[in-house]
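Chemist: Provided herewith is a single structure, encoded as structure tokens, for subsequent inquiry.
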Amino acid sequence: MKSRPLDHIRILDLTSVVMGPYACQLLGDHGADVVKIESPDGDVMRLSGPMKNPGMGHLYLSTNRSKRSVVIDLKKAAGREIFLKLAKDADIILYNIRPKAMARLGLSYEDIYKVNPKIIYVGAFGFSQRRPYAARPAYDDLIQGMSGLPWLSMKAGAQEPRYAPIILADRIVGLQVAFATLAALHHRDVTGIGQRVDVPMYEGLLSIVLGEHLAGSAFEPAVGDLGYQRSLAHNRRPHRTADGYVCTLVYSDKHWRSFFDVIGQPQIFETDIRFSSQNERLKHIDEVYGYLAGVLATRTTAEWIALFTKADIPVAKMHSLDDILTDEHLNAIGYIRTVNHPSEGPIKDIAIPTEWSASQPVSTRHAPQLGEHTVEVLREAGIEQEAVDALLTQGVIMAGKAA
């Protein structure tokens with residue numbers, strides 16, 4: 001296999017659910033040897049159906065490829081000692097339980113530092129540990145709510161507050177976890193210094209929300225209200241056409257001139273102040289989008305796509321999930337492919353979305369069964385088979401059969 005960006009990097013993945021596993025999967029896809037350390041019960045997302053076989057739920061499969069699974073009972077002293085032995089040769093430890101819980105296990109940053117001063121110790125949890133929310137539990141729905149997303153959905157016209165219909169906070173902050181980990185890795189490569197890095201969900205998602213919605217309150221004193229007008233416009237949505245829906249962004253002066261040319265009303269851009277500039281359109285955004293919606297309802301989706309494409313106005317069909325699976329572009333690049341999982345049989349696998357000229361990342365491991373690699377990893381760490389057998393008998397570790 002050709003070299004991948006993170007070849008020779010070892011990560012001990014102490015995460016479960018979505019945010020941490022997703023971040024570690026990204027790093028594993030890019031070449032890191034990710035060893036997923038699970039309790040005897042396993043990652044809770046193993047239980048999230050639909051599934052073909054017990055412990056292999058669809059969400060687990062989608063966030064845990066490119067890893068090996070090792071089962072260690074970290075609540076037992078012997079389990080802790082095994083983990084510390086693995087930590088000696090690791091580059092990164094990534095965990096998502098609260099730091100106080102890690103300290104109770106004897107696996108705090110200070111504990112790990114004693115055996116590996118160059119370790120990058122990354123915590124992915126709910127809140128900054130410096131202030132009052134430090135001990136609170138955090139889940140995607142709670143973080144979305146605290147970050148204002150359901151409230152913003154009402155401001156944008158929804159009748160009731162709604163969470164985003166995806167696991168949004170976990171996925172977005174998971175990207176930030178991966179980014180912070182790589183930045184710390186680069187810093188260590190340059191300076192030789194490892195460190196502790198905390199990536200809290202609440203503050204992470206707020207960096208996205210407030211980057212857009214501070215708006216006029218970004219200035220001191222404020223020069224306008226909180227909330228970015230265009231994002232909150234009630235008519236900012238896919239628009240109904242004569243036979244379905246179309247997504248379009250008539251945005252710049254050039255786009256609007258072209259739009260009015262397409263509909264045979266070129267004079268409107270010059271005579272109606274609401275459309276005359278970016279700033280005026282923002283001031284009247286609901287009226288502007290309302291006018292657009294009224295016009296788009298008069299022709300079919302295919303007609304608008306043809307007209308707007310010719311006029312160089314951004315346009316696309318509104319896809320359903322079924323449409324995505326049959327999308328000609330995605331099929332042409334092999335984005336959603338069928339791979340053969342050793343225990344689950346044929347499954348859909350989402351491609352790594354980045355494209356590299358010299359060191360293309362590629363996933364080389366299936367999402368593992370619980371404890372599939374316990375014996376393999378411990379033997380690599382220099383633990384003799386007799387000792388491994390004793391640990392299995394004592395229930396300190398557990399080995400699942402290889403698929």
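The values are calculated or read from the model by the stated rules, or taken from the named source; none is laboratory data. Since we're looking at a predicted model, the values are computed, not measured. Every residue, glycine among them, receives a Cβ derived from its backbone with ideal geometry; neighbour counts consider all protein chains shown.
Chemist: Take the range 13-33 and flag every residue that is farther than 15 Å from ILE72 by Cα, in contact with a Lys or Arg (Cβ under 8 Å, 6 or more places away or on another chain) and not in a loop (DSSP other than H, G, I, E, B).
Modeler: Across the range 13-33, the qualifying residues are MET19, PRO21, TYR22, CYS24, GLN25, GLY28, ASP29, ASP33.
Chemist: Determine which single condition TYR121 fails, assuming it passes every other condition in (1) part of a loop (DSSP other than H, G, I, E, B); (2) in contact with a strand residue (DSSP E or B) (Cβ under 7 Å, 6 or more places away or on another chain).
Modeler: The single condition TYR121 does not satisfy is (1).
Chemist: Okay, next question. Pick out the one residue from ASP7, ASP43, ASP33, ASP29 that is under 30 Å from ALA358 (Cα atoms), under 18 Å from the mean Cα position of the chain (by Cα) and not hydrophobic (A, V, I, L, M, F, W, C).
Modeler: ASP29
Chemist: Also, quick follow-up: Among the residues of the range 86-114, write down those that are closer than 16 Å to VAL199 by Cα and touching a helix residue (DSSP H, G or I) at 6+ places or on another chain (Cβ under 7 Å).
Modeler: Across the range 86-114, the qualifying residues are ILE92, ILE93, LEU94, TYR95, ASN96, SER108.
Chemist: Let me ask another. Checking GLY264 against (1) assigned by TED's automatic domain parsing to the domain that holds ALA293; (2) at pLDDT 95 or above; (3) out of contact with any Lys or Arg (no Cβ under 8 Å at 6 or more places or on another chain); (4) in a helix (DSSP H, G or I), which test does it fail?
Modeler: Of the numbered conditions (1) assigned by TED's automatic domain parsing to the domain that holds ALA293; (2) at pLDDT 95 or above; (3) out of contact with any Lys or Arg (no Cβ under 8 Å at 6 or more places or on another chain); (4) in a helix (DSSP H, G or I), the odd one out for GLY264 is (4).
Chemist: Cβ contacts < 6 Å: first residue over 17 Å from ARG68 (Cβ atoms), restricted to the range 378-403; second residue of a type in the set (Asp, Glu), any location; separation 6+ or different chain. Result?
Modeler: Close Cβ pairs (under 6 Å, with a partner that is of a type in the set (Asp, Glu)) amount to VAL396/ASP73.
Chemist: Considering the range 45-74 alone, what residues qualify as being touching a strand residue (DSSP E or B) at 6+ places or on another chain (Cβ under 9 Å), more than 27 Å from ILE383 (Cβ to Cβ) and surrounded by 15 or more Cβ atoms within 10 Å (Cβ to Cβ)?
Modeler: MET56, HIS58, LEU61, SER62
Chemist: Sticking with this structure for a sec: Among the listed residues ALA138, ALA164, ALA183, which satisfies the condition of being of a type in the set (Gly, Ala, Ser), assigned to a loop (DSSP other than H, G, I, E, B), in the same structural domain as THR63 (by TED's automatic domain parsing) and without any contact (Cβ under 8 Å) to a residue 40 or more places away in the chain?
Modeler: ALA164
Chemist: Tell me the residue from ILE193, ILE208 that is farther than 23 Å from MET45 by Cα, in contact (Cβ under 8 Å) with a residue 24 or more places away in the chain and not in a helix (DSSP H, G or I), please.
Modeler: Being farther than 23 Å from MET45 by Cα, in contact (Cβ under 8 Å) with a residue 24 or more places away in the chain and not in a helix (DSSP H, G or I) holds for just one of ILE193, ILE208, which is ILE193.
Chemist: Would you mention how many residues in the range 41-74 are among the aliphatic types (A, V, I, L, M) and assigned to a strand (DSSP E or B)?
Modeler: Residues meeting the conditions: 3.
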